[in-house]
Each structure stands twice: as structure tokens, then as C-alpha cells.
2 protein chains.
Amino acid sequence: MDVSKIVDQVVKKNEGEGTEIYFVACGGSLVDMYVADYFLKSEAKKIGTGWYTANEFVHVLPKRLNEKSVVILCSHGGDTPETVAAAKAAKESGAQTIGLTHNTKAGLLKYSDYSLVYEWGDETNVKNNPMALILDLTVSILNAVEGYSAYNDFRTGMERINSIIEKARKLVAVRTKKFAEKYGQEKLFYVLGSGPSFGHVYGFSICSLMEMQWINASAVHTGEYFHGPFEVTDKETPYILLVNEGRTRALDERAKLFLDEYAEKVEIVDAKELGLGTIEDSVIEFFNPILFYSVLCEYREALSVVHEHPLETRRYMGKVNY
Amino acid sequence: MDVSKIVDQVVKKNEGEGTEIYFVACGGSLVDMYVADYFLKSEAKKIGTGWYTANEFVHVLPKRLNEKSVVILCSHGGDTPETVAAAKAAKESGAQTIGLTHNTKAGLLKYSDYSLVYEWGDETNVKNNPMALILDLTVSILNAVEGYSAYNDFRTGMERINSIIEKARKLVAVRTKKFAEKYGQEKLFYVLGSGPSFGHVYGFSICSLMEMQWINASAVHTGEYFHGPFEVTDKETPYILLVNEGRTRALDERAKLFLDEYAEKVEIVDAKELGLGTIEDSVIEFFNPILFYSVLCEYREALSVVHEHPLETRRYMGKVNY
């Protein structure tokens, strides 16, 4: 999908001035927005950023919201009440809203100045998944507002990511099954990582393990691991460590060294080994989570087979009142 | 301690212009900064904000850092290598640095343009703890730069918080012991909360439970709970829920309603019941985490007695290389 029309309109309305971009959603959709927020925190000079779970955004609306603010909202089903309410609140504050959903009849679209109704299910083309679309929107807005020196590298990366993922998924086909056999009876996993991928550290914990498999999980940033969390490490506790390519790799490798010494149940998912390295150094880190998401889907699928617990099974979500 | 001199100097250098304030630390010190970041996200019109674990800040330095940026760093012992490195990197980028520590000879002070060497251990005066000092700095900078309509209410709140906490600690003396007796054998806790207190939701998990008691823990935002994490809820899994006073109370109360129905092992720590209500509505929410920290110290102390595991015991921190 081409985001350039939306980018042109947003930037035109802002007259090329600095602004803020807010990323607002719940659960898995919020996870998908993390890397775009991380990108702006690192690269932007004139564009501020904020990453919000929708209900907190509704209750604690930023006072600086104004007609130059951009609020990006995402709801896969399109009718998540908190996200729809957040879009409404954002519009009422005068901000420009961009809504992403898979549902052409989504309630979210009522409050979206611009919309991207994405397709879903084609695992061979991740460029049209919400994570990649939101990142593309964000990078393109930054480029239009203040120029982004690595913009061409980013575009080339987007062209390469599908084939990288295709190879990576084949590469992990055997090891994900081994992982599931080895750790299928565990009751708790720590998921570790950093930087652009911390969203998926959190996302694998809350969506793939807790929601889809009813397995306890805790997300830990590898930069924080040595300031408390590492004290629970022992040879019985299982860890899944996402090792990024790019600037925060040093943090992940430090955690790996420690786990090599003091833990035994450790699964390493390493973007370098999985072939991300053909993307330019200037932008490689922003593609880690796109790769990790696809690869981690293989892990959760393998777990679901061993658990005999389909990924779609819920006991509360959509079944009881809350 | 009086932060006004530092505020005057910082604002003078910035000529009253908008800027960003970055909060940079590790573990427990990072936890203490969360509410100040939350405050700016909500209240500021001209001041941007960012909250960073120090090693990620060092490796992914924001490009917008400049001589008008303010970087607040905190290290209790004063020599946390990542935090000292972050202060050095911030200074090299031209930013103004404010260092907080308990150690007059801290390495952090070498790279701090301004410093606050705080006292520690006087539980009857939390106003001089780093959390309150950093919040006070932040609120006062905002007031000086763009005016903050509830500034007087905030100052009154600061005068009241010590006596509120004194009463609350007495109030929980019996229940913390009961809690520890009831849940002393549990291997995992979920800690839930939102808004200004999410830092302490995370902090109680990684510092009090994981680091100090070697108990597994996972922090969950009550706004996110219904978008994945609630699927692990059952009558065997223990939850500690922090219920805020203020705007995000609705999120916490929603989680409480669900836990009342589907869980059995639930400990509620409610700021309203603990007497926070004498602080003005305009600022009450920002005092939740100051109250919760003191009260949660009573909970962890009670756990340590039942576990016969002193809060100071470590197996890795400061004992092995990492």
C-alpha cells in the first residue's frame, strides 16, 4: 500500500512545521506501533512522539494536542472501544487522525481523517502489515518535514524485507519444533530484548504467550536486566532472548553472555543469524521487529501444537463481559 | 531540598523557550522518574519528554539533543556505569545535565552541570527522596517555562504528602503481614496499575520481587490487561493491583471488577482508601506513586520476613562480573 498521499496531506496541513505524532492503540496493535515511536525518538529533530495505550490516552489527553498534531490509531477489528474513543477525543482536540484497520466498516474510520484499510493473512508480503505501514508513514512524514538522510536506504530495506523473512521462516522451521518440544511444559517465560524490538518483547509476552497460550510471561529490557531482573535467573527458568541487529545489539549480547553462564533454558532469536544483514546499516535496526514478528509467529504456532491449544482459543476475550 | 536555584539556572539558559527533558537512569532510579515523564506527557505544551534506560540512551542518543535540552540522570550509588556514560554523552551533545545521587563522590557528578545530593533513610520525609525531587524539578521547570495553573496545589500537596504516608503506613501494618503469610509461598505475582503509578508497577516487579526476593513477577498496565494479559487470570494466580486516585482510576477499577469475578488471590492497594484524597484534585494523581512506594516497601518487608530472605541479599548484583 502506498502511504504517500496521506503523508502529503498531513504535511501540507502542517505547513512543514514540527509537530508531534502520537501512536495510540491497545495490545497487539500497540505493539506494532512501538518501532515507529522508537524511530522518532532516535531520528527526529522537530517531531515529538508519544506511545499510548488507548484508554490512558482518552483519560489523560495530552494538553499539547492541537491541529498540527498527528494521531495514528490502529485496531485490527476496527471497533476496539478504547481506540475508537481515543480517535474521537483526538479529533475533538483538533488533531489530524490516521486510522488503520482490517475492517472496511470499522467504527474507527468514523473518526479518522485518513485511513489505511490493510489486507491480512498474506505472510509473504509483510510490507502491508500494520507494523510496516505505520513505520513507513512515520519515516515518510519525518522525511517530508525535516529530511531523513537514510530515506533511500529505508525504501530499499522495505523492498528486501519480504525475501529476508521468507528465508528466515524456513531457517527456523526445525528449531521452533525443537523449542516447543523442549519447553512445552514450562509455566513461565521471560522474554528479553531492547531498542526497536522491545515492543515485540512485550507483544510476544502478552499476546502470543499470555493471550493465545495462557502461559505466564514477563517482558524484560536487556538494558534493565542487570538492574534487578537478573536476580531471578537460574538453570530452571526459561528465557527467550531477541538479539537485534543495529545499535542496541550490544545490550542484547551482554544479556546473552550472562545467560550463557547462569541459565540453561535459553532460546536465542538472533536477527543477524536470521539474515537481516543485507539491509543497510543506517536503517537495519528498524527492520528487526518486522523480522522478529514473523519468526515469533512460527514459535507460537509450534507451542500451540505441543500444547494442543489453538491460537484462537479464548476464555474471556469476546466471551464474557468486561 | 530546594530545587528552585537549579530551575532558575536551567530556564535562564533556555531563555524560557520550549525544550525537552530526558529522564535517564537504570532500574529503581528509572522507576522513580516515571511520574515526572507522565506529568509532562499530560501537562506540557512546549516541553517534550523522554524516559530512557541509560544504556539505550547511550547507544541510541536522540538526534534532537542540543544545548537547550535538559537531561536528568539519577544513580543512588552514583557510579552506575551506564548512567555515568549517559551523562557524559548528554554533556558532549551540549545538553544541560542534572545529576541526582546519594553519594557526594559520585562519578555521575563529574558530568552533571547541576547536582542534587539527596539524603536517604528518613522514611518520615519523602519530599527529599529522588522521586519527589525529580517530580518537583520537572513541575517547577514547566511552571517557569510556560506556567502551570495547578502549581500552588502541587506545592500544597508536597507539604501534605509526609503526613498522608505516615498514616497509610500505620494503616497497612497488619494487612502487609497477612498478605505475606497468605502469599509467602507463591512463585509468581502479576502487578497491575496505570498512569502515574505504572513506574512503580514495574518497579515493584523488578526491584522488590525479582531483585530483592527472587520471586518471578510481571508488570501489566490495567489499560492493556483486557487486550491479552487477562487470559491467564484464574483463581490460582496472585495479583497485586494498585488503584490510583485521579484520572486513570477508571482503568484500575475496571481491572478490579474483573479480578473480583475471575481471580481469588488479589491484593488491592488503593490510594483512595489510604488517604490520598486530602490533596487537590488538580494534582492528586501525581502523588499516587509517592504514596505507593512507601506502602509497597511495607509489603516487601513483610514478604522478606516470611521468606527469611533479607532485602539486601543478592546472588549476582555486585558479586559476579556482568
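Given H placed 1.01 Å from N in the peptide plane, which residues other than close sequence neighbours of B:Trp51 have an amide H under 5 Å from its amide H?
When sequence neighbours closer than 5 places are left aside, the close amide H contacts are B:Phe23.
Round to the nearest 0.05 the FRET efficiency obtained for A:Asp260 and A:Leu171 when R0 = 22 Å and r is the Cβ-Cβ distance.
Efficiency, rounded to the nearest 0.05: 0.55.
If contacts are Cα pairs under 8 angstrom and at least 6 residues apart, what is the relative contact order of the range B:160-307 in percent?
33
Could you tell me the relative contact order of the range A:101-153? Use alpha-carbon pairs under 8 Å, at least six residues apart, and round to a whole percent.
Details: 26 pairs, mean separation 11.0, N = 53.
In percent, rounded to a whole number, it is 21.
Of the lysine pairs in the range A:192-322, how many meet both conditions: Cα atoms under 27 Å apart, and a spacing of 8 or more in sequence or different chains?
Within the range A:192-322, the lysine pair count is 5.
Relative to the longest principal Cα axis of chain B, at what angle does helix B:81-92 sit, 0 to 90 degrees, rounded to 10?
Between the helix axis and the principal axis of chain B, the angle is about 30 degrees.
With +1 assigned to the C-beta of every Lys and Arg and -1 to the C-beta of every Asp and Glu, and no other charges, what is the dipole magnitude of the protein assembly as shown about the Cα centre in debye, to the nearest 20?
200
What residues qualify as long-range amide H neighbours of A:Thr97, i.e. H under 5 Å apart, gap of 5 or more or another chain, H built at 1.01 Å from N?
A:Val71, A:Asp113, A:Tyr114
At a probe radius of 1.4 Å, figure out the A/B buried accessible area, summed over both chains, and give it in Å² to the nearest 100.
So the buried area, both faces added, is about 5800 Å².
Evaluate chain B: find the radius of gyration of its Cα atoms, find its Kirkwood radius, and give the ratio Rg to Rh.
With Rh from the inverse mean 1/r over Cα pairs, Rg/Rh is 0.96.
Can you tell me which aspartates and glutamates have their Cα less than 17 Å from the Cα of B:Lys178? Leave out same-chain residues fewer than eight positions away.
Answer for B:Lys178, where 17 Å is the Cα cut-off: B:Glu186, B:Glu264, B:Glu267, B:Asp270, B:Glu298, B:Glu301, B:Glu308, listed by chain and number.
According to a simple spin-label model (label point 7 Å from Cα along Cα-to-Cβ), what is the distance in nm between B:Asp281 and B:Asp122?
3.5
In debye to the nearest 20, how big a dipole does chain B give about its Cα centre with +1 on each Lys and Arg Cβ and -1 on each Asp and Glu Cβ?
I would put it at about 540 debye.
Going by amide H atoms built from the backbone, whose H comes under 5 Å of the H on A:Ala44, apart from near neighbours?
Under 5 Å from the amide H of A:Ala44: B:Lys63.
The values are calculated or read from the model by the stated rules, or taken from the named source; none is laboratory data. No experiment lies behind these values; they were computed from the predicted model shown. Every residue, glycine as well, gets a Cβ built from its backbone with ideal geometry; the counts of neighbours run over all protein chains shown. The accessibility values were calculated without ligands, DNA or RNA, using every heavy atom of the protein model including side chains. Shrake-Rupley method; radii C 1.70, N 1.55, O 1.52, S 1.80 Å.
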